[in-house]
1. If you scan segment 175-194, which residues turn out to be of a type outside the set (S, T, N, Q) and over 19 Å from the mean Cα position of the chain (by Cα)?
2. Quick check on my filter: what residues within segment 192-225 are farther than 15 Å from Val170 by Cβ and either surrounded by fewer than 13 Cβ atoms within 10 Å (Cβ to Cβ) or charged (D, E, K, R) (or both)?
3. Please list, ordered by first then second residue, the pairs with beta carbon atoms under 6 Å, 6 or more apart or interchain, first in segment 103-121 and over 15 Å from Thr58 (Cα atoms), second in a helix (DSSP H, G or I) and small (Gly, Ala, Ser).
4. Test Glu241 against the stated conditions and say whether it is crowded, with 16+ Cβ neighbours inside 10 Å, charged (D, E, K, R) and either touching a residue at least 40 places away in the same chain (Cβ under 8 Å) or more than 26 Å from Ala336 (Cα to Cα) (or both).
5. Quick one: Gln178 ticks every box in (1) assigned to a loop (DSSP other than H, G, I, E, B); (2) free of Cβ contacts under 8 Å to residues at least 12 places away in the same chain bar one, so which box is it?
6. Working only within segment 139-174, note down all residues that are among the polar types (S, T, N, Q) and out of contact with any Ser or Thr (no Cβ under 7 Å at 6 or more places or on another chain).
7. Among the residues of segment 244-275, count how many are in contact with an Asp or Glu (Cβ under 7 Å, 6 or more places away or on another chain) and not aliphatic (A, V, I, L, M).
8. Looking only at segment 188-228, count how many residues are of a type in the set (Lys, Arg) and part of a loop (DSSP other than H, G, I, E, B).
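The values are calculated or read from the model by the stated rules, or taken from the named source; none is laboratory data. Quantities reported herein were computed from a predicted structural model and do not represent experimental measurements. As a convention, Cβ positions derive from the backbone with ideal geometry for all residues, glycine included, and neighbour counts pool all protein chains shown.
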Amino acid sequence: MSLSRKGHASHSRRCLIGLPFSQVDIDSSRIALAFYCLGTLDILNSIEDQSSELDRETWREWLWEQHISGVYGTGFRPSPYVTPEDYKGEPSEYDLPHLVMTYTALLCLAILRDDFSQLDRPGILRFLGACQREDGSFSALPNGGESDLRMLYCAFAISDFLDDWSGIDVDAAIAYIQRCYSYEGGYGQTPSGEALGGTSYCAIASLQLAPDTPSSPRAGRLSGAQRLRTIRWLVQNQTAEGGFCGRTCKLADACYCFWCGAALSILGAGDLVDKRALADFLEKCQFKYGGLSKAPGERPDPYHTYLSLAILAILPSDHGDDESWKLPRLNALWNATEETAAWAREHIPAKARAS
């Protein structure tokens, strides 16, 4: 069976135009949903096929409307769902920038090849600092919200986008990551938590992203027996069906194919993945009208569609002359195609504006 590129692109396009009924409950995370859709189109080289220049300009404008400033600094809110369209005042305490949405908004704008001339870089650095907690972790919002390794990864990725780590305490954050390490070899969401595939990716990518510091040189963070134990745990999560589970003794799920597979790639152990079995599992997750689901027979959604294609772009399998499976290389640390990552490197940092 071929990879249904046109079907998956059409599915993402439909979700960009309007949320399907099954997805309206995540309106409060609309920018993240937009990233999964745009990211899918980017991987499939279908942005221009599935949108007009007017569409892309409209999407860019909408994203910048979510770029808000306040006492905590500047970032992107999830969507305008708590703010009337004609409201012109200061953001309320319920309408604040969000770490995950700021990370995904920056990637969306890079996919759409925005010039980032509107980006308040000093404000974002203040926002990152406001989200860091005393224990080194980060909360989703400057005044609270979820606080775990997912938020820390977003803060690290944003700092790397900006090429400026001055907004956060890197050493405290790295110490927090290390406290999340589990005896199994993976990383929990928080210290003493059960090892999870998603948060293990966040930990491993963050340790690789962070710059060298006097007390934590990069070379010593993912090495030795701990690294080997992590690789073993991740490899063992590939099930007999070919997909990956995110927790020990659980069922395979398409999203964990990315979280575990990308983590192995970062660790230099991607060759330990049975890539053909992985592709065969994801092939069975394809929906006949487009999109991929978490498991065969389930309903598709933008999240699992994007992550399924993302891991196929990181760990491609050999399908001979079938061109449908050939995807552009994905940057496993930033979670973006190499072309989009290159655009972000050129336009997001402050030095890009200075030049």
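1. Of all residues in segment 175-194, those of a type outside the set (S, T, N, Q) come to 175-177, 179-181, 183-188, 191, 193-194.
Once the filter is applied, which keeps residues that are of a type outside the set (S, T, N, Q) and over 19 Å from the mean Cα position of the chain (by Cα), segment 175-194 yields Ala175, Tyr176, Arg179, Cys180, Tyr181, Tyr183, Glu184, Gly185, Pro191, Gly193, Glu194.
2. As a first pass, look at segment 192-225 and keep what is farther than 15 Å from Val170 by Cβ: 192-202, 204, 219, 222-225.
Answer for segment 192-225, where residues must be farther than 15 Å from Val170 by Cβ and either surrounded by fewer than 13 Cβ atoms within 10 Å (Cβ to Cβ) or charged (D, E, K, R) (or both): Ser192, Glu194, Ala219, Ser223, Gly224, Ala225.
3. Going by the 6 Å Cβ cut-off, the qualifying pairs are Tyr103/Ala157; Thr104/Ala32; Arg121/Ala350.
4. On the way: crowded, with 16+ Cβ neighbours inside 10 Å: yes; charged (D, E, K, R): yes; either touching a residue at least 40 places away in the same chain (Cβ under 8 Å) or more than 26 Å from Ala336 (Cα to Cα) (or both): yes.
So Glu241 passes the test.
5. (1) is the only condition that Gln178 fails.
6. Just the residues of segment 139-174 that are among the polar types (S, T, N, Q), to begin with: 139, 143, 147, 159, 166.
Residues satisfying the conditions are Asn143, Ser159, Ser166.
7. So the answer is 4.
8. If we filter segment 188-228 for residues that are of a type in the set (Lys, Arg), which is where we start, we get 218, 221, 227.
Subsequent filtering for residues that are part of a loop (DSSP other than H, G, I, E, B) retains 221.
Residues meeting the conditions: 1.
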